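What follows is a set of notes on a single structure, which appears directly below.
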Amino acid sequence: MKDLAGKHIVLGLTGGIACYKAAELCRALIKDGATVQVVMTDAAQQFITPITMQALSNRPVAGSQWDASEPNNMAHINLSREADAVLIAPCSADFMAKLAQGRADDLLSLLCLARPLDKVPLLLAPAMNREMWAHPATQRNAAQLQADGATVLAVGGGDQACGETGDGRMLEPQELLEDLVAFFQPKLLAGHHVLVTAGPTYEAIDPVRGITNLSSGKMGFAVARAAREAGAQVTLVAGPVHLPTPRGVRRIDVKSAADMLTATVNVAEDATVFVATAAVADWRPAQTAEQKIKKDGSGQPPMLEFVENPDILATIAQSPRAQAAELFCVGFAAESEDLLANSQAKRLRKGVPLLVGNIGPATFGQDDNALLLVREVGVESLARAPKLELARELIAACARQIRAKA
Ligand code: C5P
């Protein structure tokens, strides 16, 4: 799946040590399906050569508004008319100041000013020393640029090339890629707060052992990412999994079903959508031994007693806000057979407006999946595809169903 297929990106580089990351970014954009036209300022060319960027983008780099090789000699018009977005990475403090003032004395600032505002979005990835970033002038310029319709992306924090530590680093290429991909997604859930549970739970038997399951958390993490891309505020309550947190998503790590219930009930108070993808353990040991249970030499294994875990989805679905349709609840069903009948029965049992069925053994740990969307009226089948693609379709389906009810 190439998220940027068909997109033409003008990638602008301005002066900063983060130019070395722009080479990797260029590769990442192209690998994700985009065509990339690089434009470099003179200052950027002090940090990385146009040859490097030409080789990576497979196109000559544009650098001067006086380049006579353009037949109409209007590189700024040509470049800005064919772009789906202009991304400036790195964007220096000086360049932000220049853009904020609407100055246009080099090709890159010229094309930014000349771009059709309603058709060609401008995204800036600031990169500078922490003092420069924190300076009121830079913050004022950032606010002005946002007010003028540009998207000023976040900065990273940590060690800086100058030896100082703080905010102002350019985001990593993969983070910028994720932000750009998200930018192009329709904002179907803007204004919503989406709560997602994901992964397995772990029910301790003693300090070193427990029961869990093979859920990878991938589907839930994909749903959280897709909801964020759709413009929602997102909280992800995650069982023990080692997956990176999608950008812009608030993550709460939990272990047991009881912890997951507490976190979920808290967040659900102001969520508007709840998607339960977690594979919550059905039972937990009635007691957790304080010390490791040892073999006693009798040859008899210990007798473990189990109690049933709370049903998180059913609990939330019965809450007053869910009953009043202020909180739209979505459940998942991992079945091994008869997907339609089992999913329909589960939708009624859980009391949710949308139940998503999938075949458990065919999806656990996989990067792709196939889903069956079961509502009170009507069933929709989403063909096998990468989990992120399905998650986007599911989020769109939720948005449609919420709008239809409103
Ligand atoms: O009953 P079953 O485990 O098959 O239900 C699956 C759905 O219910 C999933 O959405 C899962 O996240 C949710 N669930 C839950 N709490 C449980 C069990 C399941 O939220 N204790």
In a Debye calculation with equal point scatterers on the alpha-carbon sites of the range 204-281 and no solvent, what is log10 I(q)/I(0) at q = 0.17 Å⁻¹? -0.66
Report relative contact order for the chain in percent, whole number only (criteria: Cα-Cα under 8 Å, sequence separation at least 6). 11
Give me the number: length gained by fully extending residue 140 to residue 401, i.e. 0.36 nm times residue separation minus the C-alpha to C-alpha distance, one decimal in nm. 89.9 nm
List the lysines whose Cα sits under 25 Å from the Cα of residue 295, skipping any in the same chain fewer than 8 residues away. none
Compute the FRET efficiency between residue 105 and residue 147 as 1/(1 + (r/R0)^6), taking r as their Cβ-Cβ distance and R0 = 25 Å, and round to the nearest 0.05. 0.65
To the nearest 0.05, how large is the calculated FRET efficiency for residue 367 and residue 208 if R₀ is 41 Å and r is the Cβ-Cβ distance? 0.85
What distance in nm separates the simple spin-label points at residue 72 and residue 291, each placed 7 Å from Cα in the Cβ direction? 8.4
When a/c reaches 1.5 or more, the comparison of a/b and b/c decides; with that in mind, is the range 1-144 rounded, prolate or oblate per its Cα gyration tensor? rounded
What ranking do 395, 48 get, fewest neighbouring Cβ atoms within 10 angstrom at the top? 48, 395
Fully extended contour minus Cα-Cα distance, from residue 259 to residue 190, at 0.36 nm per residue: 22.0 nm
Which percentage, to the nearest 5, of the DSSP beta bridges contained in the range 260-406 is antiparallel? 55
For every other residue with a beta carbon closer than 14 angstrom to the beta carbon of residue 173, add +1 if it is Lys or Arg and -1 if Asp or Glu, then tell me the sum. -1
Indicate, rounded to the nearest 5 percent, the antiparallel portion of the DSSP beta bridges found entirely in the chain. 30
State, as an integer percentage, the relative contact order of the range 307-389 based on alpha-carbon contacts under 8 Å between residues 6 or more apart. 22
Selection from 256, 227, 204 lying farthest towards where the dipole of the range 168-287 points positive, charges on Cβ: 227
On a 0 to 90° scale, report how tilted helix 387-405 is relative to the longest principal axis of the chain, with both axes built from alpha carbons and the result rounded to the nearest 10. 80
Selected from 125, 274, 298, residue furthest toward positive end of dipole (the chain; charges at beta carbon): 274
Pairs 218/350; 119/187; 2/346; 255/387; 187/387: which exceed 27 Å Cα-Cα? 2/346
I need the calculated FRET efficiency for the pair residue 49 and residue 119, taking r as the beta carbon distance and R₀ as 30 Å, to the nearest 0.05. 0.40
Between the residues 18, 184, 57, the Cα farthest towards the positive end of the dipole of the chain, that dipole coming from +1 and -1 charges on the beta-carbon of Lys, Arg, Asp and Glu, is from 184
Any chance you could check the Cα centroid distance between the range 192-268 and the range 311-348 for me, in angstrom? 17
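Each value in this text was obtained by applying a stated rule to the coordinates, not by laboratory testing. From a predicted model like this one, the values you see are computed outputs, not experimental measurements. Every residue, glycine among them, receives a Cβ derived from its backbone with ideal geometry; neighbour counts consider all protein chains shown.
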